[in-house]
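Data first, discussion second: the structure below is written as structure tokens.
The values are calculated or read from the model by the stated rules, or taken from the named source; none is laboratory data. The structure presented is a predicted model; accordingly, all values stated were derived computationally and were not measured. Cβ coordinates were reconstructed from backbone atoms using ideal geometry, including for glycine residues, and neighbour counts include every protein chain displayed.
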């Protein structure tokens, strides 16, 4: 895929902003624009099912089922195709380059550590940093916050760890979302579910367990859609897809690891390497020799020039999060580093399968 192909999910976020007469930051999605203009719903429910990419749907779902029946089109997520970058882009209408949210963990010089953005703890140690990300890398104002500041009632529903309408099951999540839709004053609800992504990491996207869960998600979503008020519309997207992966640990490569100035950051399939200045030539030579068939290696400057993390004015800290080199997975072989658990499915690489997501649209009227 070409880098300019990524970013449809950001356009979708801007379509929602446009529908509610808020400032837009990038182009909108013309298909979503037309649907919103035609249906003019009082309330839009934006349901984001983590990792439910079209490559996974194709493996397990019937073309006659609810999701495919209402599938408007296939579109791209952002690069890298991962939750921290993609959900933030969708919710804010800004690219990862603008938000500074690039991957699962990022290196922060003030604590000299790789911090997991969502969990505010260290990627490689037991260190915890409560409240750190809110100060060091605060998320730009999302659609729910923006609507509230413009006195438009909006809501959200989350898994159990969320602050608003925390839900222990997918059915409970949808029940909570339904309650917000039935509130005649509510105009928008963002709904997020993460358990499907977790299962595929453990079992792999081609597994029987993945198929069972996805069919259950589809059936429960159809029941939810049928209960929505007439003046509510449902859009369903994913943040990325997943592929089955073969793990290879970098830990055993002592020569390569000796080149590291800091621990690798971001993702196993989109790795930001921080290299000792005197070791850069050695690192490039070793990496291309040992892993060049499976990973493309980009310099810091090539990443910036190619706008891999999207268009717009870069976040003030974006460049420091890139490291000296970015390695992007192009096959099913995956490089892991000090990973405690082996995964069978993953994402964030450069394959088309990881990047393609659905735009599913449902409205009664």
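Among the residues making up the stretch 99-139, those that are crowded, with 18+ Cβ neighbours inside 10 Å, within 24 Å of residue 340 (Cβ to Cβ) and in contact with a helix residue (DSSP H, G or I) (Cβ under 8 Å, 6 or more places away or on another chain) are 101, 102, 103, 104, 106, 107, 108, 115, 117. Residue count for the stretch 317-365 under the criterion of being out of contact with any helix residue (DSSP H, G or I) (no Cβ under 6 Å at 6 or more places or on another chain) and assigned to a strand (DSSP E or B): the result is 11. In the condition set (1) in contact with a strand residue (DSSP E or B) (Cβ under 9 Å, 6 or more places away or on another chain); (2) part of a helix (DSSP H, G or I); (3) buried (at least 24 other Cβ atoms within 10 Å of the Cβ), residue 67 is compliant with all but (3).
When every residue of the stretch 224-240 is checked against the conditions, none turns out to be over 17 Å from residue 49 (Cα atoms) and under 23 Å from the mean Cα position of the chain (by Cα).
Restricting 340, 364 to residues that are surrounded by fewer than 19 Cβ atoms within 10 Å (Cβ to Cβ) and touching a residue at least 60 places away in the same chain (Cβ under 8 Å) narrows the list to 364. Kindly evaluate residue 289 against the criterion of being closer than 30 Å to residue 35 by Cβ and out of contact with any strand residue (DSSP E or B) (no Cβ under 9 Å at 6 or more places or on another chain). When the stated conditions are applied, residue 289 does not pass them. Pairs meeting the criteria (first residue in the stretch 165-189 and in contact (Cβ under 8 Å) with a residue 24 or more places away in the chain and at positive phi, second residue in a helix (DSSP H, G or I) and surrounded by 20 or more Cβ atoms within 10 Å (Cβ to Cβ), beta carbons under 9 Å, at least 6 apart or on different chains) are lacking. Taking every residue in the stretch 30-43 that is in the same structural domain as residue 182 (by TED's automatic domain parsing) and pairing it with any residue that is loosely packed, with under 12 Cβ neighbours inside 10 Å and assigned to a helix (DSSP H, G or I), at least 6 positions away or on another chain, yields no pair with a Cβ-Cβ distance below 8 Å.
When the test is whether a residue is closer than 23 Å to residue 266 by Cα, modelled with pLDDT of 95 or more and outside any loop (DSSP other than H, G, I, E, B), residue 79 does not pass it.
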